[in-house]
Every structure is written in C-alpha cells, then in structure tokens.
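Please read the structure below before turning to the comments.
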Amino acid sequence: MIKNLKKVLPVLVLVGMVAAWFQASESTRRYLKHIGKQVPYLPYRYFI
Amino acid sequence: MSDYDVIVVGAGLGGLTTAALAAKSGMKTLVLEQSDIIGGCCSTFEVDGYKFDVGASIVEVIQPLERLFEMLGGKISDYLELIPCDPIYSFITDDGQRFSIPTDIDETTELVKRIAPEDVEGWHRFCDKGLSMIEEMMDAVMLSPMNTFSEAMQLGMKNPQILKFAPTFARTHQGVIRSFYKNPVMLQSAAFQSYFAGAPPELGSGVFGYIALSEHLGIYYPRGGMIGIPNGIAKAGMDYGLEIKVNQKVEKLLMENGTAFGVKLENGSEITAKLVVSNLNAQVTYLKLVGPHNLPGWAVKAIASYSNSMPCPMIYVGLDKKPDLEAHHTIVTSSLESMNDVWNNFYKMGIIPETAMSLVCWPTEADPSLAPEGRHILNFLCNAPAPYAPKGDNWDRLKGWYKDAAIKELETYVLPDARDHIEYIQVSTPLDFERRLLHPEGGIYGLFSDMTTLAMFRPRSRSKAVKNLYLTGSSTHLGGGVPTTVASGIVTAKYILKDFG
Ligand SMILES: Cc1cc2nc3c(=O)[nH]c(=O)nc-3n(C[C@H](O)[C@H](O)[C@H](O)COP(=O)(O)OP(=O)(O)OC[C@H]3O[C@@H](n4cnc5c(N)ncnc54)[C@H](O)[C@@H]3O)c2cc1C
C-alpha cells in the first residue's frame, strides 16, 4: 500500500501543480515564471 | 603601514553611515566620492537659486536614523531638522477623485468610511497586523546582520515574535494588499509603493505591502533639502575625525592574494587601507573595481545573476508661482493592473510609458527657503520605470519630447498655465542619472529587489569572495530607500567592528 502511494505521490503532485497553473491568473503565472527563473541562482547568490 | 584603517568608496547614505560609525570607534577613516557633492541619490544641487533634490524626496521610517545618531553619541536634532509632512499624500485617482491621506489613523478611518465603506474592516485589519509587524520587526530585522542562514536563525531565536511574519516576505505586494482591500481606489493607494522598492505590485515582496501603513508613523523632509541627511551624518562623523574628499573617482581596488588593501584613483594615485568599504552598485564593485580575474568563478556567476534596478526619469521645475497643491507629495495614480502593465508591456518591452508624471513633490511647501522669495519647486517623476534603452531611440534624443510631455501633464493636473510660470526646467533621463552617479543603466535602487534578491540573497555586507572588502548601500541588505540604506550602513559597521574593532 505504502509502496503504491510512493509511486502515485509524485504524479499527484505534478497533476496538482499543472491544475494550479491553469487556475492561476495571468499575473500569478508571471510571478511564478519570474521566481522560477531566479531559483537556480539562489545557491550562488547566497554566497556572494 | 596603511594610510588609513578604512577607505569608503562613495558618499551615499550607506557609505557615510558606515564611515561615521567606523570613525566613532577610533578607526582612521576616509570617504572618497566621485561627484562634487555628497549624498548620492539623497542629495540636493543648486541652480539659479533653486535647490533641487537629486532623487529621494522624503524620509519615512526614521528609526534607523534615530538609532544611527544615538550610536554616534547624539540625537537626530543635534545634526539636522526633520520637518513633518502632513497629509502624507494628495491623490488624483484614475477616475478623477481627489483626496488627501492624513497621517492620523483615526482621521484616515473617517476618509476610508467616505471613499470605500466596504474596506473599513480591511483597513482596521491592515492597521492591526501592520503596526505590530512594523514595531516588532523594526530593530530586529532592519538593523541586524542577515548575511547567512545561521544569522537569520539566531535572529529568529532571539526574537521569536517575528517568526509569524516570515511568510509575508514570500508573498507578493499585491497579494498582501488584496488580502485587506477590495475597493480599486484603496488598492491603488497601497499598490504604487511597490515601485518605491523598485518592483511592480505583482513581483515585489509582500513586506513592502505595508509601506502604505508605515507612512502613518510620519513622513519627513529635512530643512535645506534631502542633502540635510547626508550632511548631518557627515558632520557627526567628522566630529570623530572622519575625512571626506569629493571629486575623487575610484578606478580599482588594490588587491593581493584575494585581499583588498586600498584603492587606485582615476588620477593614478593609490591610497592604502586595512579594509575597503564599497557603497557602489555591487556589480560595479565586483566586476569593475575588483575585476573578474580576481574572483572565483562562482562569484562571477553569482554577481552576474542580478539585474539592475529600474531607471526612472526625473523632472526638476522652478516656478514663479505657488502651485495649486495640498501636500508635499501628490500622486496621480492608476489601477493596480495598470501598474503591473507598465512593467510588463512598456518597461520590459523597451517602451516609454505614456505618462511622464505620477509623483509630484512640492518641497517648498515644507521649506520655502529652497527657492528664491515667492518662487516654488516641483520635482516630479513617473513613479514607474522607463527603459534605459528605449527601442529604436535613445534618451539624449528623446529629452525634448519627454520635457514637453511632462509640461502637458503639469498643465492637466497641477497648474493650467504652467508654461507661463516655469522659470527653470531640467529633465534628468536614465542616461543623465548614470552619468551623474555612475549607476549602471541609471538604476535608482542598486540591484532589483524581490524575495530572491533580499537579505541573505543580496550581496553580503562582509564579502566572502574578497578578504577585507565590505559592501554597503542599496545593493546590500534590504535594498534601496533612505531608511534601508542607513540600516545597511549600520549592519556593515557592525561586521567591521566585530572583525577589526
Ligand atoms: C529618483 C529617486 C527617488 C527616490 N526617492 C526616495 C524617497 O523619496 N525616499 C526614500 O527613502 N528613498 C528614495 N530613493 C532611494 C534612496 O535615495 C537611495 O536608495 C539611497 O539614497 C541610496 O543610498 P546608497 O547608500 O545606496 O548610495 P548612492 O546614493 O547610490 O550613492 C553612491 C555614491 O557613490 C558615488 N560613486 C559612484 N561611483 C564611484 C566611484 N567610482 N568612486 C567614488 N565614488 C563613486 C556616487 O557618486 C554616489 O554619491 C530614491 C532614489 C532615487 C534615485
């Protein structure tokens, strides 16, 4: 049961994220896109 | 043996604050400023008897200044006079309403009852949550070093009451204000302040959503112009032996084995010091003064990942007549959506927004001595960004057109016969601003600010990439603004005193 849940969980999270994206306003999407582009730099920014 | 203990590059508020505190602690300290006046963005210049402010037009949240002068052994009033400005703003809304927001919270409640009765409850919640947050975070967050997770954790452990406000940093400015208001005019009245932190309401950190409330704690104008603030800090520092030299442009940092030991000036001379503090845009500090060849690869990648804050043209006007205004600041606002639109569909696209004017400052209301007898000053700006490089054109060519657009707006909103009463007018474009203060791309707040570029994600006050290099000002700590840059100067001084004191 737990094994199955572990398999299904990432799919559920992904589905949830896709659903949230489609429900979000244009403005929220722009915000999420902006933050998404910044996140990869955070480990570098933290040290400078 | 070094010439000085501390050299500070740049006499902006952050630089002067750190310098004055270092001098107070007995360190031999020198400030080098490239322009002919101190203060950087918070300064004042004189033309034909008119004293115009370079950029900043008001100080709100004066606690960091109070704390600074206490640390320097005095109080603000020993060094400068702050004139309270009330009402906070006079508004001209997109649907033609005109009203003023008073400082007093009860009087503001009466105003909200009149213009947006459905938001009275939201206004009360805004006050309840915001005032306790401002009070509890002021000293703890603004004046504490926050370069690392461990410092942030220590801060949280020492001040557990502030932890409940942490999610506010991760929300957006518009998310915060929408949780209190529904009425479009109320939203407008609290949204445009996101541009005070250099971002549109949909991107700016939620913590700046409370600026509209912090203004009710008082907004002030220094007698003699905004330069009164840097002059006051400089004077306090000079009482402890601080030296300040203007017209001294620093070209390079003197470096050996990854350690800073002084500066090289444009005129070729070299001055050595035990440590160097840079008050410049952090990208200029690392990529020009230090140079990529003196930096590890990760540091170059990190510093290059930031973008500059927005530029914003300013217009300085001298009038031979009193303008028909009600407050130190008049705001010509538009809907929250259009504030985001200016960013997405104009600024980001290289298009200059249709309006040249949205924030009009009338400093001679507070201090008539800024202009010749019977004359007045208006400094105004579009409280939204304009591109540094307009598509297919450049600001030197567009200056005349922009001036004309500005006069037309002045005639529409402030003075119908403005043209007949303008004695002096100057447009400061992003290019002019870059030339005056050497701010790359004319950015007015150092680096862009949002939740991914503040506090521990903004360049550190104590450099990890270059030994004995410290940074201060709007590229560090909590970003641009008079209170935040003074706070950054205090934080940088705390690191220096810990390391060398
Ligand atoms: C148009 C505008 C309006 C604003 N309005 C407000 C407001 O109303 N209220 C508010 O709180 N804040 C306002 N701000 C923000 C606030 O003024 C700034 O964030 C703050 O003053 C910046 O301080 P700083 O320490 O970062 O130094 P800066 O002001 O950036 O100063 C840096 C100094 O370094 C000098 N320099 C640069 N290169 C060199 C070099 N190579 N060698 C030597 N010196 C060098 C520059 O000449 C400058 O004097 C405004 C800013 C602008 C531009």
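Read the figures in this text as sums done on the coordinates, not as results from a lab. Keep in mind that what you see is a predicted model, and the values were worked out from it rather than measured. Positions of Cβ are backbone-derived with ideal geometry, glycine not excepted, and every protein chain shown enters the neighbour counts.
Within the shell defined by Cβ-Cβ distances under 13 Å, the residues around B:ALA389 carry a net charge of -1, with Lys and Arg each +1 and Asp and Glu each -1.
Relative contact order of chain B, taken over Cα pairs closer than 8 Å and 6 or more residues apart, is 24 percent. Taking amide H atoms as placed 1.01 Å from N in the peptide plane, the amide H of B:SER278 lies under 5 Å from those of B:VAL9, B:TYR470, B:LEU471, B:THR472, each 5 or more residues away in sequence or on another chain. Karplus-based coupling profile of the stretch A:38-45, in residue order and whole Hz: 7, 3, x, 7, 4, x, 6, 4, with θ = phi - 60° in 6.51 cos²θ - 1.76 cosθ + 1.60 and x standing for Gly or Pro.
Straight-line reach from B:LYS24: taking Cα to Cα under 14 Å and skipping same-chain neighbours fewer than 8 places apart, the aspartates and glutamates in range are B:ASP5, B:GLU70, B:ASP239, B:GLU243.
Counting only alpha carbon atoms, the long axis of helix B:228-238 and the longest principal axis of chain B meet at about 20°.
Across the stretch B:194-207, rounded Karplus estimates of 3J(HN,Hα) from the backbone phi angles (6.51 cos²θ - 1.76 cosθ + 1.60, θ = phi - 60°) give 4, 6, 5, 9, x, 9, x, x, 7, 10, x, 5, x, 5 Hz, Gly and Pro being marked x.
Each residue of the stretch B:65-71 is assigned a 3J(HN,Hα), and the resulting list reads 5, 4, 5, 4, 5, 4, 4 Hz, derived from the Karplus form 6.51 cos²θ - 1.76 cosθ + 1.60 (θ = phi - 60°), x at Gly and Pro. Per residue of B:295-308, other chain Cβ atoms within 10 Å of the residue Cβ number 3 on average. Beta bridges per DSSP, both residues in chain B: antiparallel share near 70 percent.
Note on B:456-462: average number of Cβ atoms from other chains within 10 Å of each residue's Cβ is 3. Taking the DSSP bridge list for the protein assembly as shown and keeping only pairs wholly inside it, about 70 percent are antiparallel. What is the helix-to-structure angle for B:13-24, meaning the angle in degrees between its Cα long axis and the longest Cα principal axis of chain B, kept from 0 to 90 and rounded to the nearest 10? So the helix axis and the longest Cα principal axis differ by about 40 degrees. Take every residue in peptide A:25-37, count the Cβ atoms of other chains within 10 Å of its Cβ, and give the average of those counts. Per residue, the average neighbour count from other chains is 4. Under 23 Å of direct C-alpha separation, and excluding same-chain neighbours fewer than eight residues apart, B:LYS399 reaches these lysines: B:LYS51, B:LYS348, B:LYS391, B:LYS408.
Using only the alpha-carbon atoms, how far is helix B:395-413 inclined from the longest principal axis of chain B? Give it as 0 to 90 degrees, nearest 10. Result, in degrees: 40. Which of the residue pairs B:LYS75/B:LYS264; B:LYS252/B:LYS403; B:LYS249/B:LYS274; B:LYS252/B:LYS464 have a Cα-Cα distance greater than 27 Å in the structure shown? With Cα atoms farther than 27 Å apart: B:LYS75/B:LYS264; B:LYS252/B:LYS403.
In terms of distances greater than 24 angstrom between alpha carbons, the cross-link table entries B:LYS28/B:LYS494; B:LYS245/B:LYS301; B:LYS113/B:LYS182 yield B:LYS245/B:LYS301. Amide H to amide H, with H built 1.01 Å from N, B:TYR89 comes under 5 Å of B:ILE101, counting only residues 5 or more places away or on other chains.
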